[in-house]
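First the structure, in the form of structure tokens, and then the observations on it.
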Amino acid sequence: MKKLLLTALLFLVPSAQSLQMMVWDRDLETKLGYGQTRSGRMEAELVENYTGPVVVLFSTDGEAEGPQYDGLKSRYEGTLDGGKLLLKVGNSSQSLGRFLDEYKLPTSVTFRRTK
């Protein structure tokens, strides 16, 4: 009986949604980075030798239920300069880490060079 009750409770508890991020050049032709939440943190990889405007796209796996990512838009404009990603939020720019702090997501970024 206890086993059945515990199993039923597991299905009632909402699971944490995975958040994915894609970073593209302004024309959406070249992928410049990506990221995904793992174990409660955003793990991102960005191109370090690109400077210019970008489009940052966010998506979640499955239904967008609950308040976990309330207010998160699916698309942001921004800039990428030497591996530093800034997102335009309102009238200001925020680093990726600062932006995701609002969603209680620590961020780790690795860099790769393009040819």
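The values are calculated or read from the model by the stated rules, or taken from the named source; none is laboratory data. Note that the structure is a prediction, hence the values are computed from the model and not measured. A quick note on method: Cβ atoms are made from the backbone with ideal geometry, for glycine too, and the neighbour counts reach across all protein chains shown.
Overview of results
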quantity: Given (1) modelled with pLDDT of 95 or more; (2) surrounded by fewer than 15 Cβ atoms within 10 Å (Cβ to Cβ); (3) outside any loop (DSSP other than H, G, I, E, B), index of the condition Lys3 fails; calculated: (1)
quantity: Number of the condition not met by Glu63 [criteria: (1) modelled with pLDDT of 95 or more; (2) assigned to a loop (DSSP other than H, G, I, E, B); (3) of a type in the set (D, E, K, R)]; calculated: (1)
quantity: In segment 18-41, the residues that are crowded, with 17+ Cβ neighbours inside 10 Å and either farther than 25 Å from Tyr103 by Cβ or at pLDDT below 95 (or both); calculated: Leu19, Thr37
quantity: Segment 100-115 residues that are on the phi < 0 side of the Ramachandran plot, paired with ones that are at pLDDT 90 or above and aromatic (Phe, Trp, Tyr) (beta carbon under 9 Å, 6 or more apart); calculated: Thr107/Phe99; Thr114/Tyr50
quantity: Any hit, segment 43-53, residues being under 16 Å from Gln17 (Cα atoms), in a strand (DSSP E or B), touching a residue at least 60 places away in the same chain (Cβ under 8 Å) and out of contact with any helix residue (DSSP H, G or I) (no Cβ under 6 Å at 6 or more places or on another chain); calculated: yes
quantity: Residues being surrounded by fewer than 15 Cβ atoms within 10 Å (Cβ to Cβ) and touching a residue at least 12 places away in the same chain (Cβ under 8 Å) - total across segment 89-99; calculated: 0
quantity: Contacts under 9 angstrom Cβ, first residue in segment 73-86 being surrounded by 13 or more Cβ atoms within 10 Å (Cβ to Cβ) and modelled with pLDDT under 95, partner hydrophobic (A, V, I, L, M, F, W, C) and not in a strand (DSSP E or B), 6 or more apart; calculated: Lys84/Leu96
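Residue by residue, here is whether (1) among the hydroxyl-bearing types (Ser, Thr, Tyr); (2) within 19 Å of Ser108 (Cα to Cα); (3) assigned to a strand (DSSP E or B) holds:
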site: Asp27; (1), (2), (3): no, no, no
site: Gly33; (1), (2), (3): no, yes, yes
site: Glu77; (1), (2), (3): no, no, yes
site: Leu86; (1), (2), (3): no, yes, yes
